[in-house]
1. In this structure, is LEU298 out of contact with any strand residue (DSSP E or B) (no Cβ under 9 Å at 6 or more places or on another chain) and at pLDDT 95 or above?
2. Go through (1) within 19 Å of THR114 (Cα to Cα); (2) open to solvent by 10 Å² or more (accessible area, probe 1.4 Å) for SER156 and report which single condition fails.
3. Inspect all residues belonging to region 236-252 and state whether any of them is in contact (Cβ under 8 Å) with a residue 40 or more places away in the chain and touching a strand residue (DSSP E or B) at 6+ places or on another chain (Cβ under 6 Å).
4. Go over the candidates VAL282, VAL348 one by one and state the one that is open to solvent by less than 20 Å² (accessible area, probe 1.4 Å), closer than 18 Å to HIS110 by Cβ and among the β-branched types (Val, Ile, Thr).
5. When ASP244 is evaluated against the numbered criteria (1) within 27 Å of PHE355 (Cβ to Cβ); (2) touching a Ser or Thr at 6+ places or on another chain (Cβ under 8 Å), which criterion, by number, is the only one it fails?
6. Output yes when any residue across region 93-102 is open to solvent by 20 Å² or more (accessible area, probe 1.4 Å) and hydrophobic (A, V, I, L, M, F, W, C), and no when none is.
7. Could you tell me whether ALA79 is open to solvent by less than 80 Å² (accessible area, probe 1.4 Å), among the small types (Gly, Ala, Ser), over 15 Å from ARG240 (Cα atoms) and modelled with pLDDT of 95 or more?
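The values are calculated or read from the model by the stated rules, or taken from the named source; none is laboratory data. Since this is a predicted model, take the numbers as computed values, not measurements. Positions of Cβ are backbone-derived with ideal geometry, glycine not excepted, and every protein chain shown enters the neighbour counts. All accessible areas refer to the heavy atoms of the entire protein, side chains included, with ligands and DNA or RNA removed. Shrake-Rupley method; radii C 1.70, N 1.55, O 1.52, S 1.80 Å.
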Amino acid sequence: MDPAELRRSIPALEERTYFNTGASGPSPRHVVEAATGFLERHEFEGHGPRDPYEMGFGAIDDAREVAAEFLGAGTDDLAFTRSTADGISLVAGAIDFQPGDVVVRTDLEHPAGTLPWDRLADTHGVEVRVVPTDRGRLDMAALKDAVTDARLVVLSSLTWTHGTRLPVGEVVDIAHDAGAQVLVDAVQSVGHHPVDVTDWGADFVAGAGHKWLLGVWGAGMLYVDPAAHDRLRQTRIGYRSVEDPSASEYTYHDGGRRFEVGTTTPAPYVALAEAIETVEAVGFETIQSRVQRLTDRLKAGLGDRLVSPDAYESGLVTFAVEDPEATVQRLGEAGVVVRSLPQPEGAVRASVHAFNTAEDVDRLLDAL
């Protein structure tokens, strides 16, 4: 599939110029039809000769195989969640935090990666240390100082504020040397550039399919390194998270399945598998080379308004404006979709994907 074919498959692009994939990607028609088609088959055919649970959980297991291979993970090490925030929260609730335990995060985390630790500070006396960044770059010396006695380190693989790639592997090595585990928010990475969770070496990686993968809402992914299981003290449990729900004594599944509690709709995960196969059909070499050309064009047109790095790192391009909210509204009325950011102050972000064109970029620049 080439980018032009991908673009034609996305109905949302017929009436607008879309630069907000970093918030929510517009799904191709066939991805949505994969979800709705399965939902109909499950409800109309699964309650007859076929068992609806066997049909539903079979579809989830099939989708899990696709997602695990895409992320470089073992199938047993991947749990399906509702979102990135859901996955992060599940990890936060599965660690037996004690008063005085330390969680280290960067100052560029999405609220999904800050609120669980703020809550633990209130309920468990956890200390939250925030490592500073400069224009989307992590202060590695400050990180080394902060993790010396930490229990957990939290960071994004790709910053949602600047579009910079953080050195995940290096952070993991520093954290592990200090005895801390690492949780990575990878939602801006999956579908954006190749991701192999085992290369990172992190204990936990959370992501979702509704952004750069162009899937539908409701399909989150949580990778758990097998070696991390023994350090978890889960309280959340259900018939899907144990090996034998009828046994006199319960035993959690060894793998990621321990995070899946009960009955859920398979439809978003069926769509996730279809979305992954679509991205793979386009190919990351094509996606990244095209996004680089388009972001170079956009950055050149933005000039000194550019906040993101000059050199290509991702399709997230942040730039300064006098009134972000008014600018977003004005561009929206002109048919161009971008978003404002809570930080850095006075900034708007455009997300450039492979379905975008040079004409889209010029339309954005003209509208600005």
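1. Details: out of contact with any strand residue (DSSP E or B) (no Cβ under 9 Å at 6 or more places or on another chain): no; at pLDDT 95 or above: yes.
So LEU298 does not fit the description; no.
2. Failing condition for SER156: (2).
3. No, region 236-252 contains no residue that is in contact (Cβ under 8 Å) with a residue 40 or more places away in the chain and touching a strand residue (DSSP E or B) at 6+ places or on another chain (Cβ under 6 Å).
4. When all the criteria are applied, what remains is VAL348.
5. Going through (1) within 27 Å of PHE355 (Cβ to Cβ); (2) touching a Ser or Thr at 6+ places or on another chain (Cβ under 8 Å) one by one, ASP244 breaks only (1).
6. If we filter region 93-102 for residues that are open to solvent by 20 Å² or more (accessible area, probe 1.4 Å), which is where we start, we get 93, 96, 98-101.
This time we only want the ones that are hydrophobic (A, V, I, L, M, F, W, C), so: none.
Checked region 93-102: no residue is open to solvent by 20 Å² or more (accessible area, probe 1.4 Å) and hydrophobic (A, V, I, L, M, F, W, C).
7. Numbers: open to solvent by less than 80 Å² (accessible area, probe 1.4 Å): yes; among the small types (Gly, Ala, Ser): yes; over 15 Å from ARG240 (Cα atoms): no; modelled with pLDDT of 95 or more: yes.
No, not satisfied.
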